[in-house]
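Below is one structure, written out as structure tokens; the observations come after it.
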Amino acid sequence: MKLRNVMCLWAVALFTIQAVRAQQEAQSNPPPDARYKVDVLIVVGHPDDDVEVAPYLAQLIEEQHKRAAVVYATRGNSGGNAAGPEQASALADVREMEARHSLASYGITDAWFLHGSDTPGGDVLRSLEAWGHGQALEEVVRLVRITRPEVILTWLPNYVVGENHEDHQGAGVLATEAFDLAGNPLVFPEQVTAPRDRLNISNYGEGLRPWQPKKIYYFSDAIHFEFFKGRGPEYPTSAISRSRKIAYSQIAAEAWSHYKTQNDFTDVQLKEFTEGPVRLIWGKSLVGGSPTGDVFGGIAPSPIGYVAPAGYQKPPAQVSFELGGPWAFYRAFWRAHNIEHLADLYAPEAQVDPKQSLWVPLLIRNDTKSPKQVTVQAVLPKGWRQKPDAKAFEIAPNDDFPIQLTVVPAEWDKNTWQTLTWVAKSDGQEIGTVKLRVDVVGNGLPQ
Ligand SMILES: [Zn+2]
């Protein structure tokens, strides 16, 4: 062997040894803390809303060994108390305890209670205003990044006839926004910044990683439960738990029994509630699967990268007429978050106590470059009145004109559904018709 060849072999051997040593010394980035990883994150408004999906969760935890955690947007400080005198902040502390006992009874140990104040009413924008929308969203995005859920279950973001609690809708809005934001490193970047020296004090950088959940489903307190049929998976609650030897409906009833402050139901109502199927409404999936298929269909263990939503869609350059307030918000919101199919669930509806009045926000949009004159004609059922009664409106270029109407129902229409109609015209052309179906019955909440 020539000396040059021997030198070459030595060089190769030395290089290999160095490479192996370098490999041994290579550091790997510690993965996120597995203790907080969940399969399902439930985002709701109040301590006790979780019972809505408890039979399904209990079965998922026992039979499929899935992990679940709950985020409550409020601590329920404005609810009544069926168990004792505690009110306001004291009630919030009690309700937080009740929630922890209830969740623990079927295997959920992780729950977070955000700062939002319980805001009884029906207009989601009021809850978001009361909670501080930005701060609440920051908190939910953080918890999505900590718990890294595959699936989010939350309240339906829609204005419905039923309990229609604005805190429920608000939780659904925050969860949908967080679904589309938690994977984006530019959203609350301080949360996904690495700490400079994690063992030191006064550190900055929260040290989380972006996370993209895969699916989102909704549930609702609407009275038209039957509308959801075929719009998502349905889970019966009659199966028997092997460990407990009782039906999952009964496990949910026991979970509910921990919420003593909120228990103003009869046993019959409770039985009907827990023995009905858990009906979910398909929101969207980033991993395929069919709307009525299993929640975990198509979900593989590996993470997926960020998927940007459609975002706000600028309206076409025309004059238009629509329902305003929360209805206008939801139309733009559904489009922006790729859940526009929720618009087909219901024609716009509302409810009004026959002795009170109904707030109807209308909106004229002028997305053209010239001022427009618009006239609005109301077609109300016999005996119904509206205030103000102005019919002509001048709208500046690229501006909106919000009309705030107060509509007083005819008392004889109690317990009926009525349709209210408004027709708008500009330059002699009809630019839009608004129809609102109204259930003439109170729901106990201010509108
Ligand atoms: Zn609630």
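List of remarks:
- Note that region 191-207 has calculated 3J(HN,Hα) couplings of 5, 10, 8, 6, x, 6, 8, 5, 8, 8, 9, 6, 7, 10, x, 7, x Hz, one per residue in order, obtained from phi through the Karplus relation 6.51 cos²θ - 1.76 cosθ + 1.60 (θ = phi - 60°); glycine and proline are x.
- Amide H partners (placed H, <5 Å) of F219, local residues excluded: T154, W155, L156, I281
- Percentage relative contact order, the chain, counting C-alpha pairs under 8 Å, at least six apart: 14
- Judged by the mean number of other Cβ atoms found within 10 Å, the most tightly packed of the peptides 136-146, 122-132 leads the ranking 136-146, 122-132.
- Region 243-344: trypsin sites (Lys or Arg not before Pro) falling in loop per DSSP and having at most 15 other Cβ within 10 Å: R244, K245
- Trypsin sites (Lys or Arg not before Pro) within region 346-442: DSSP coil, no more than 14 neighbouring Cβ in 10 Å: K355, K369, K382, K391, K414
- Placing unit charges on the Cβ atoms only, positive for Lys and Arg and negative for Asp and Glu, gives the chain a dipole magnitude near 1640 debye about its Cα centre.
- Packing rank of 230-241, 40-51, where each peptide gets the mean count of other beta carbons within 10 Å, highest leading: 40-51, 230-241
- Rounded to whole numbers, the Karplus 3J(HN,Hα) couplings from phi for region 231-245 are 9, x, x, 10, 10, x, 10, 8, 4, 9, 6, 5, 6, 9, 6 Hz, using 6.51 cos²θ - 1.76 cosθ + 1.60 with θ = phi - 60°, and x at Gly and Pro.
- Highest mean first, the peptides 72-79, 322-329 sorted by other C-beta atoms within 10 Å per residue fall in the order 72-79, 322-329.
- Convex hull of region 319-439 built on C-alpha atoms - directionally averaged projected area, nm²: 7.9
- Among W256, W359, a tally of other beta-carbon atoms within 10 Å of each Cβ gives an order, fewest to most, of W359, W256.
- Folded to 0 to 90 degrees: helix 133-147 orientation relative to the chain principal axis, Cα: 40
- Averaging 1/r over every pair of different alpha carbons in the chain and inverting the result gives a Kirkwood radius of 24.7 Å.
Any read-out appearing in this document is the output of simple, stated calculations on the displayed coordinates, not a laboratory observation. Bear in mind the structure is a predicted one, so any value in this text is a computation, not a measurement. Backbone-built Cβ (ideal geometry, glycine too); neighbour counts: all protein chains shown.
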